[in-house]
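Mind looking over this structure? Questions follow.
Bear in mind these aren't lab numbers, they're just calculated from the coordinates by the rules spelled out. Model, not experiment: these values are computed from the prediction. Cβ: placed from backbone, ideal geometry, glycine included. Neighbour counts: every protein chain shown.
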Amino acid sequence: MQGRATAIFRGERQIEVDGKNRISYDRLLIAVGARALPLTVPGAHLEGVLKLDHMGDARQILQASRRAKHAAVVGGGITALELAEGLLSQRVKTTYLLRGDRYWSSVLDEQESLIVEERLREQGVELIRRAELLEAFGRRGRVEGIRLLDGRALRCDLLAYAIGIQPRVELARDAGLAVDKGILVNECLQTNDPDIFAAGDAAQAYDPLTGRSIIDSLWNPAREQGRVAGLNMAGKKTAYLKSVPFNVTRLAGLTTTIIGAIGRGGRDEDLVGIARGDSETFRSLPDAILAQSGFDVNHLRLMIGRKTLLGALVMGDQTLSMPLQKMIADEADITPIRSRLLARDTRIADVVAEFWKEWSKTPAAA
């Protein structure tokens, strides 16, 4: 059936489609996803002010870039960075506005942000820090520039933005289901109505890594949530066990893998973060993912708990990514190497490589 669900009538176990027809259900899954947050400053309605949310938006931005001379990009995460790089690849002069002091400060440390920013500059992107957008302005309905909160003005004929997502909770909220930022669900992905489930970007599920209910807007968790919700809806009680986050992306052309609790919000009270830079040599390891080498930057950061690794960030050579994912997911006891990892001037990649070589042979790694 084609149509848009416009209401849920829980008492009758029915949903309304397109405001008129109704269909009945025994179990209902809400997987309505999320939408891009809109830009709410004055001038956001002007032609040439574009968001990146779906394929239609991408086509619109690509078309606009063919006639644009100067683009400004707003947003603090991966999508905004890809916008800046994409516009630059279309030979559009590009200025990237960072609201804070550095790029993606909620995930990257100062050195990692600096690596990304320097690579962007080398590519030709102009960076402006502490740039909070006040308004967009233009003539005849088309954007011609932007003004910042501190009074600075910048000419641009294309303003592209990616400032986050907003789960679609309206349908659930109007039906009286419990919502926060997303639709609240238990370990079986049930809402407060036992016959209604939620999964994907719209669902807010418990995360044992942080001890909070979170929205996990990545492909793999959404797919797993759909599987678990389906099993529970079919009568097979199954708990959703959130796997260790494993996200591979490219930041300014540099392959970057983020594993586990690497940003803010880890639970371990004795959490210690250490980082080592490109003076290290990564070793070849068995069972590693395709080793990506030849980068001009290699960087490794570990988040170390009392007995286990809680997270890792790998920039450049990816030889250690899969071993680290395995050790973090299986909660490998790193007590034998913890002091070495924390020692000054330690080649932590070498220490991890040696440990993996031995630990991977043990029953704990099976």
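Using θ = phi - 60° and the Karplus curve 6.51 cos²θ - 1.76 cosθ + 1.60, what whole-Hz ³J(HN,Hα) does each residue of segment 239-245 get, with Gly and Pro shown as x?
Per-residue couplings from phi come out as 8, 7, 9, 4, 6, 4, x Hz.
Sticking with this one: Amide H neighbours of Ala203 under 5 Å, counting only residues 5+ apart in sequence or on other chains, H built in-plane at 1.01 Å?
Ile183
Across the chain, how many lysine pairs, 8 or more positions apart or on different chains, have C-alpha atoms separated by under 30 Å? Please give the number.
Step by step, the pairs that qualify in the chain add up to 19.
For the chain, what's the radius of gyration and Dmax over Cα atoms, in angstrom?
When restricted to Cα atoms, the chain yields Rg and Dmax of 23.4, 70 Å.
How big is the convex hull of the Cα atoms of segment 49-165, per residue, in Å³?
100
Taking amide H positions as placed in the peptide plane 1.01 Å from N, state which residues far from Val49 in sequence (5 or more) or on other chains have amide H under 5 Å from it.
Residues meeting the criterion, in which the H sits 1.01 Å from N, are Val143, Leu159.
List the trypsin sites (Lys or Arg not before Pro) within segment 139-204 that DSSP assigns to loop and that have no more than 10 neighbouring Cβ atoms inside 10 Å.
Sites meeting the loop and neighbour criteria: Arg140.
For a footprinting-style exposure proxy, rank Ile165, Ile215 by other Cβ within 10 Å, fewest first.
The order, fewest Cβ neighbours first, is Ile165, Ile215.
Follow-up question, since we're still on this one. For Leu83, what is the net charge nearby, where nearby means another residue's Cβ is under 12 Å from its Cβ and Lys, Arg count +1, Asp, Glu -1?
That sum, taken over residues with Cβ under 12 Å, equals -3.
Further question on the same structure: For segment 154-162, in order, what is each residue's ³J(HN,Hα) by Karplus, 6.51 cos²θ - 1.76 cosθ + 1.60 with θ = phi - 60°, in whole Hz (x at glycine and Pro)?
For segment 154-162, the Karplus curve yields 9, 7, 7, 10, 8, 10, 10, 9, 8 Hz.
Can you give the FRET efficiency to the nearest 0.05 for Thr362 and Thr255, using r as the Cβ-Cβ distance and R₀ = 45 Å?
Efficiency, rounded to the nearest 0.05: 0.95.
Same structure, new question: Suppose we flag GluC sites (Glu not before Pro) only when DSSP calls them loop and at most 11 other Cβ atoms lie within 10 Å. Which is the longest uninterrupted stretch of the chain?
13-268
Something else about it: When Lys and Arg each count +1 and Asp and Glu each count -1, what net charge do the other residues less than 12 Å away from Ile165, Cβ to Cβ, add up to?
Computed value for this residue: +1.
Kindly write out, for segment 137-149 in residue order, the coupling ³J(HN,Hα) from the Karplus curve 6.51 cos²θ - 1.76 cosθ + 1.60 (θ = phi - 60°), rounded to whole Hz, with x marking Gly and Pro.
Ordered by residue, 3J(HN,Hα) equals 9, x, 10, 6, x, 10, 5, 10, x, 9, 10, 9, 4 Hz.
Another question, then. Take every DSSP beta bridge whose two residues both sit in the chain, then give the antiparallel share in percent to the nearest 5.
70
For Lys93, list long-range residues whose amide hydrogen, built 1.01 Å from N in the peptide plane, is under 5 Å from its own amide hydrogen.
Amide H to amide H, under 5 Å and 5 or more residues apart or across chains, Lys93 pairs with Ala71.
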